[in-house]
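Contents: one structure, followed by commentary.
The values are calculated or read from the model by the stated rules, or taken from the named source; none is laboratory data. Nothing here was measured: the structure is a model prediction, and the numbers come from that model. Note: ideal-geometry Cβ built from the backbone for every residue, glycine included; neighbour counts use all protein chains shown.
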Amino acid sequence: MLAVVMLINRAGSMVLPFLGVYMTDHLGFKLEAAGLVLSCYGIGSVGGSWLGGWLTDRFGEFRTQYLSLFLSVPVFCLMPFFTTELGLAAIILLQSIISETFRPANSVAITKYSKKENITRSFSLNRMAVNLGFSIGPALGGILSAISYDFLFYSNAAAAFLAGVTYVRFFRNKTGKQKIKTEKKPKKEVSPYRDLQFLKFSALCLLFSMCFFQLLNTLTIFYKLEAGLSQQQIGFVLGYSGIFIVLTEMLLVNIAEKRMKLKITLLLGSVFAGISFAMLGWFYTLPMLFLSITILSVGEIWAFPFMSSVTAIRSGIGNQGAYMGLLGIGFSLSFIITPYLGTFIAQEYGFKILWIGTGSLLALAGLGFYFQIPKLLKGQDSTAEFG
């Protein structure tokens with residue numbers, strides 16, 4: 001049911017993928033201004049990720065998730081009334097704080113209701129729901145935005161409300177069947193902010209996500225301005241990505257779990273993602289855009305669920321919310337850095353330099369994962385690294 005809640009919520013996620021296009025095409029913002037506004041989403045995400053981890057460890061994942069969903073509704077409804085750079089930046093900042101408190105609480109809930117040996121598959125199932133919703137949301141959003149951009153905000157609000165009602169209905173009295181973590185030897189639980197090896201891992205996750213999350217801002221602007229795609233075509237390309245992931249994720253995750261160690265999986269995930277961006281420096285016909293997004297989807301599958309698994313393995317029973325929150329902060333920081341840096345490089349040096357640089361950074365991130373993960377999981381049980 002957690003996956004169903006996520007599916008409902010993400011099926012209505014139409015605002016963020018089209019926010020850059022909305023600002024440049026509808027409101028007439030310059031590229032750099034649009035990047036600054038999008039960075040406010042990242043600033044709020046950092047606060048929301050920290051707050052979500054803190055609230056989860058103190059009040060539980062149930063309360064944190066339903067409050068995040070229900071409080072998102074009125075803010076989405078107010079967004080169309082903010083059309084200046086400052087006003088839109090402020091409302092996006094508020095919305096991201098509220099919505100991102102959901103992420104660490106949801107990650108803890110997934111671990112709570114999963115057996116230890118199924119953690120990666122549980123995260124993958126949840127991501128399948130995210131991507132199935134993401135295949136619906138942008139495709140529908142592309143159609144609705146061609147009529148009126150206001151429909152994007154109201155549809156997002158409706159989806160958040162429905163997801164909140166569904167979540168409360170099914171999880172109000174439910175308790176986890178499994179302990180969050182079982183260890184052979186008890187250890188003193190430390191703050192993730194003092195865990196040097198995990199901080200290094202989080203920095204690599206930040207580098208990866210800085211590159212990857214251009215999918216939600218700079219890449220859609222590139223599709224519009226350079227490749228000449230319409231809103232509907234952008235929606236279909238993003239929707240195809242979601243469908244591809246839904247159809248292949250469990251298979252690819254199963255292959256990785258059985259045949260590859262974690263360090264190899266994250267290395268390959270990073271390299272695949274790097275290739276997908278780098279090829280855009282030379283090729284951006286519609287067939288090549290579909291090929292690029294396919295390769296990016298494979299990279300995504302072999303990266304994100306395994307990042308969450310590593311975090312769950314490293315954390316303890318009483319501080320898992322904090323660990324998931326710190327991982328979320330890394331992702332959220334990318335929402336601050338990526339929109340501004342990506343649009344700045346594109347505007348000053350061109351998209352070709354941006355995509356080649358992105359591919360190079362992802363390759364470096366992959367090498368970092370390869371060498372850091374064995375250090376991070378040293379002393380864990382023999383199944384921790386898979387393969």
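Of note:
- All of Ile234, Ile245 fail the test of being touching a helix residue (DSSP H, G or I) at 6+ places or on another chain (Cβ under 7 Å), within 17 Å of Tyr149 (Cβ to Cβ), hydrophobic (A, V, I, L, M, F, W, C) and in contact (Cβ under 8 Å) with a residue 24 or more places away in the chain, apart from Ile234.
- Annotation: of all residues in region 215-230 being surrounded by 23 or more Cβ atoms within 10 Å (Cβ to Cβ) and among the polar types (S, T, N, Q), the one that is modelled with the lowest pLDDT is Asn217.
- Residue within region 220-238 that is in a helix (DSSP H, G or I) and charged (D, E, K, R) present: yes
- Region 242-262, residues that are touching a Leu at 6+ places or on another chain (Cβ under 9 Å), part of a helix (DSSP H, G or I) and surrounded by fewer than 21 Cβ atoms within 10 Å (Cβ to Cβ): Ile243, Val246, Met250
- Condition met for Leu268 (surrounded by fewer than 23 Cβ atoms within 10 Å (Cβ to Cβ), touching a Gly at 6+ places or on another chain (Cβ under 8 Å) and over 11 Å from Gly359 (Cβ atoms)): yes
- Tallying residues that are modelled with pLDDT under 65, in contact with a Ser or Thr (Cβ under 8 Å, 6 or more places away or on another chain) and either loosely packed, with under 11 Cβ neighbours inside 10 Å or within 28 Å of Gly269 (Cα to Cα) (or both) within region 153-211 yields 2.
- Every residue from region 341-354 that is crowded, with 21+ Cβ neighbours inside 10 Å and either within 18 Å of Val37 (Cα to Cα) or hydroxyl-bearing (Ser, Thr, Tyr) (or both): Gly342, Thr343, Ala346
- Positions within region 302-331 being at pLDDT below 80, buried (at least 24 other Cβ atoms within 10 Å of the Cβ) and not in a helix (DSSP H, G or I), in sequence order: Ser315
- First in region 18-33 and in a loop (DSSP other than H, G, I, E, B), second anywhere and buried (at least 20 other Cβ atoms within 10 Å of the Cβ), Cβ under 6 Å, 6 or more apart: Phe29/Met23
- Condition check for Tyr284 on (1) over 21 Å from the mean Cα position of the chain (by Cα); (2) surrounded by 21 or more Cβ atoms within 10 Å (Cβ to Cβ); (3) aromatic (Phe, Trp, Tyr): one failure, at (2).
- On inspection, Ala33 qualifies as within 30 Å of Gly228 (Cα to Cα) and surrounded by fewer than 20 Cβ atoms within 10 Å (Cβ to Cβ).
- If you go through region 62-95 and keep only what is under 22 Å from Ser39 (Cβ atoms) and either hydroxyl-bearing (Ser, Thr, Tyr) or not in a helix (DSSP H, G or I) (or both), you end up with Ser68, Ser72, Phe82, Thr83, Thr84.
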